[in-house]
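The values are calculated or read from the model by the stated rules, or taken from the named source; none is laboratory data. Just so we're clear, the structure is a prediction, and the values are computed from it rather than from any experiment. Reconstructed Cβ throughout: ideal geometry from the backbone, glycine too, with neighbour counts over all protein chains shown. We work out accessible area using only protein heavy atoms, side chains counted, and drop any ligands, DNA or RNA first. Shrake-Rupley method; radii C 1.70, N 1.55, O 1.52, S 1.80 Å.
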Amino acid sequence: MNTIKSIATIFTFFAVITAFSQPKIDVVGGQNCDWGRISPKDNPLKRDVVIRNAGNQKLILKNVKPTCGCTTAPMEKSELEPGESTKLKVTLNIGGNSGPLTKYINIESNDPNTPLFVLNLKANVVRALEVTPTTFLAFPDLQVGMESKSSLNIKNTTSKPITITEIEIAPSLMTINLKKGKVIKPGETFELVAKIRPNQKGALNLRIKLTTNDPDLPDLTINGYGNVKES
């Protein structure tokens, strides 16, 4: 009987030791990587995120996977001894986004309690000129020789007037209702209307580049697309 009790005690001892002998992922700063309020000139956003092994066994970072192509996150090393740290070099491209922006990075490891750690990337993108309801011009029904139009709203979100100092349009067949020297007042929303009469069928890519006097938004590019059919 005493022998059985001794064996049971030994197994219990090793079970306790095993339970407390494990790797533990610790992302310094927590689950959120927040850049706060940013402007387009801050793009791309960069941050070194420190990952530490807070356990007493080797931590193996099996996979680090951003959930979108606008984010990269190369890592210095993937195996960490107890107490050791590494850096995750995060880069986030804000693209044409405006307002609150959230992206994610999934970090898989051999931590039995947190096999998947989700790192939230956050930013509030504030643009001097905000383009809505989309950031591009769509021409869904283009026909050779027929005029089509598309429109967007451009809003001045600042407390000062913004002047359009230069305008570039491609292709030259496209016209817009905006001229060089146009002043968009604080809080004003201007409806940009683009018109085009295509002269041949096929895919059509369009671009409008506006240069402004605002230091936070020296230029604004609006792209467009369409597929021209025979009339």
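For the range 154-174, name all the residues that are open to solvent by 60 Å² or more (accessible area, probe 1.4 Å) and within 27 Å of ASN227 (Cα to Cα).
The answer is GLU168, ILE169, SER172, LEU173.
Which one of these does ALA138 not meet: (1) at pLDDT 95 or above; (2) of a type in the set (A, V, I, L, M, F, W, C); (3) loosely packed, with under 15 Cβ neighbours inside 10 Å?
The single condition ALA138 does not satisfy is (1).
Might you let me know whether the range 141-164 holds any residue that is within 30 Å of GLY29 (Cα to Cα) and part of a strand (DSSP E or B)?
Taking every residue of the range 141-164 in turn, none turns out to be within 30 Å of GLY29 (Cα to Cα) and part of a strand (DSSP E or B).
Test GLY83 against the criterion of being within 30 Å of ASP214 (Cα to Cα) and loosely packed, with under 14 Cβ neighbours inside 10 Å, and give yes or no.
No; evaluated as a whole, the condition is false for this residue.
Out of all the residues in the range 175-184, is one or more surrounded by 14 or more Cβ atoms within 10 Å (Cβ to Cβ), among the hydroxyl-bearing types (Ser, Thr, Tyr) and in contact with a Lys or Arg (Cβ under 6 Å, 6 or more places away or on another chain)? Show your work before the answer.
Applying the first criterion (surrounded by 14 or more Cβ atoms within 10 Å (Cβ to Cβ)) to the range 175-184 yields 175-176, 178, 182, 184.
Those still in the list that are among the hydroxyl-bearing types (Ser, Thr, Tyr) too: 175.
Next, from what is left, pick out any that are in contact with a Lys or Arg (Cβ under 6 Å, 6 or more places away or on another chain): 175.
Yes, that holds for at least one residue.
Could you check LYS77 against (1) more than 30 Å from THR212 (Cβ to Cβ); (2) at pLDDT 95 or above and say which number it fails?
All conditions pass for LYS77, except number (2).
Regarding LEU206, is this residue closer than 17 Å to VAL126 by Cα, assigned to a strand (DSSP E or B) and in contact (Cβ under 8 Å) with a residue 60 or more places away in the chain?
It is false that LEU206 is closer than 17 Å to VAL126 by Cα, assigned to a strand (DSSP E or B) and in contact (Cβ under 8 Å) with a residue 60 or more places away in the chain.
Across the range 102-122, what is the total count of residues that are open to solvent by 10 Å² or more (accessible area, probe 1.4 Å), within 30 Å of ASN156 (Cβ to Cβ) and either touching a Lys or Arg at 6+ places or on another chain (Cβ under 7 Å) or modelled with pLDDT under 95 (or both)?
1
Considering (1) at positive phi; (2) surrounded by 13 or more Cβ atoms within 10 Å (Cβ to Cβ), say which one GLY202 fails and leave the rest.
All conditions pass for GLY202, except number (2).
Enumerate the pairs (first residue in the range 72-100 and at positive phi; second residue anywhere and aliphatic (A, V, I, L, M)) with beta-carbon separation below 9 Å, excluding pairs fewer than 6 apart on the same chain, so at least 6 apart or on different chains.
GLY83/ALA54; GLY99/VAL125; GLY99/VAL126
Yes or no, residue by residue, for (1) within 30 Å of LEU59 (Cα to Cα); (2) out of contact with any Asp or Glu (no Cβ under 9 Å at 6 or more places or on another chain):
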{"site": "LEU121", "(1), (2)": "yes, no"}
{"site": "ALA128", "(1), (2)": "no, no"}
{"site": "ILE164", "(1), (2)": "no, yes"}
{"site": "ASN177", "(1), (2)": "no, no"}
{"site": "ARG207", "(1), (2)": "no, no"}
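Here is a list of conditions, (1) crowded, with 18+ Cβ neighbours inside 10 Å; (2) in a loop (DSSP other than H, G, I, E, B), and GLY96 meets all of them except one; can you say which number that is?
Status for GLY96: all satisfied but (1).
Search the range 140-164 for residues being over 21 Å from LEU206 (Cβ atoms) and among the polar types (S, T, N, Q), and hand back the single one that is nearest to the chain's Cα centre (by Cα).
THR157
Looking at the range 33-47, which of its residues are open to solvent by less than 80 Å² (accessible area, probe 1.4 Å) and not aromatic (Phe, Trp, Tyr)?
Result: CYS33, GLY36, ILE38, SER39, PRO40, ASP42, ASN43, PRO44, LEU45.
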